[in-house]
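Presented below is the structure to which this report refers.
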Amino acid sequence: MHILDIIALFIFLAGIFIYTNTYYLKLPSSIGLMIMALILSLLILLSGILFPDFMLGTERLMKDYNYADILYQIFISFMLFAGALQIDFKKLAKEKTPVLVLATVGVFISTGIIGTGVYYLLGWLGIELNYLYCLVFGALISPTDPIAVTTVIKRFNLSKDLETRIAGESLFNDGVAVVTALTLLDLEHAGEEHALSLFDVVYIFSTDVGGGIVIGLFLGYIGFQLLKYIDNDEVEVEILMTLALVMAGTQLADIAHVSSKQAAVVMGLVIGNEGSKQTTSNAAGDYVFKFWRLMEESLNAMLFVLIALEMLVIPLRLDYFAAGFIVFNIALFARWISVLIPIKIMSQKRRFERNTIPIMTWGALRGGMPVALSLSLPDFEGKDVIVTMTYIVVVLSILYQGLTVTRLLEVSEPDKFAHSMDKL
């Protein structure tokens, strides 16, 4: 099967997923898409029992093609750009400090707790995995799904401050987690060649992040200036300009050996905020934002199709699956700590609603981004266990947390939150 046929198949299945969820399941997108993905996996497995040749063909479809480059070069960059494009700094002005602290410090805390916990857990199960790779897993599983989070919280009458903090943090932590995971991967590869000093670690991290920010600012400014001179009625030109900008920025950052994902986030922030200002006569038309919102939803749906097919090729090892179920609990604990510590510190000078910590902990659903990151990792010994654990954590997070978080959000009085958490 040609690669274009595979892309067409993914788009077709993604369309079916979205249509079925929108008109029949009527669930928040990530929850509905995950249910559809599991149903597709089950149908393929049953078809494989009845028609063995069909199963062999499906497995060959997953094994014969390297999806890592497509995921790394296109999916992740496009999703990060689309998410950053939606961030309105004017709305975040009051809450920028808690949002940025939770999205950065929170990710670092979560990465350390999950990575360390996974390292000792796998050692106990007799599975070998380098500590830095465990930290890579901790980083890639830390981001929350902005689509799932914002879809759920908008259905409830939460305070505007809390809603802004939740939505803003979920949008920012994607980029921070991606950069952290890729930087740790660079550290692992550099460490294989020679011993790393503290200076080397700081240099690699600052180069990756700083270089990505510089390229993102540069290309974002150029893109903004070009969009100012394009008439907003020229729909196709503005959209093609943003598409070219993301792809060019990704390639330029990769050539410069800096974080292309950080560049995509910064480009999205610059164009999303500068391009929509009234003082610039809305350099980027409304349809540009609608197009990238559609792109984000479509890519997210395609990732869930990939999740369904990936179930067919991940190693069916009991110890891997056991690790995934235990890691889900470690990830929940890490999320709670990564929210608790920054909020307790910031609450000395800033007011937080009493329900902030439980909502931000239980409402932190994992989505397609961790799956895309795990599948885009280069081949190394232990990648299979990372992919399997990621799959298990994402499935449990979306189905278990996603289907029970509404019970928490329905409780509006602060004194009922503890009782509600006990019931979950």
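Considering only segment 360-376, state which residues are buried (at least 24 other Cβ atoms within 10 Å of the Cβ) and β-branched (Val, Ile, Thr).
VAL371
What's the total number of residues in segment 2-39 that are in a helix (DSSP H, G or I) and closer than 19 Å to SER397 by Cβ? Break it down into steps so the answer makes sense when it comes.
Let us first name the residues in segment 2-39 that are in a helix (DSSP H, G or I), namely 3-25, 29-39.
Applying the additional criterion that residues be closer than 19 Å to SER397 by Cβ yields 17, 21, 25, 29-39.
Summing the residues that are in a helix (DSSP H, G or I) and closer than 19 Å to SER397 by Cβ in segment 2-39 gives 14.
For residues in segment 231-268 being among the β-branched types (Val, Ile, Thr) and without any contact (Cβ under 8 Å) to a residue 24 or more places away in the chain, which is surrounded by the most Cβ atoms within 10 Å (Cβ to Cβ)? Walk me through it before giving the result.
Pass one, segment 231-268, residues among the β-branched types (Val, Ile, Thr): 235, 237, 239, 242, 246, 250, 255, 258, 265-266.
Imposing the further condition that a residue be without any contact (Cβ under 8 Å) to a residue 24 or more places away in the chain reduces the set to 237, 255.
Working: VAL237: 13, ILE255: 10.
If we take residues in segment 231-268 being among the β-branched types (Val, Ile, Thr) and without any contact (Cβ under 8 Å) to a residue 24 or more places away in the chain, then VAL237 is surrounded by the most Cβ atoms within 10 Å (Cβ to Cβ).
Taking into account only those residues within segment 398-419 that are in contact with a Phe, Trp or Tyr (Cβ under 8 Å, 6 or more places away or on another chain) and not in a helix (DSSP H, G or I), which is modelled with the highest pLDDT?
GLU410
Could you figure out which of (1) over 14 Å from ILE307 (Cα atoms); (2) buried (at least 19 other Cβ atoms within 10 Å of the Cβ); (3) not polar (S, T, N, Q) isn't true of ILE392?
The number of the failed condition is (1).
Specify the residue that is modelled with the highest pLDDT; the eligible residues are those in segment 115-162 that are under 21 Å from LYS96 (Cα atoms) and of a type in the set (Lys, Arg).
LYS160
Residues in segment 336-377 that are more than 17 Å from LEU396 (Cα to Cα) and either in a loop (DSSP other than H, G, I, E, B) or free of Cβ contacts under 8 Å to residues at least 40 places away in the same chain (or both): how many?
Final tally of qualifying residues: 14.
The values are calculated or read from the model by the stated rules, or taken from the named source; none is laboratory data. Predicted, not measured: the structure shown is a model, and the values here were computed from it. We place every Cβ from the backbone using ideal geometry, glycine too, and count neighbours over all the protein chains shown.
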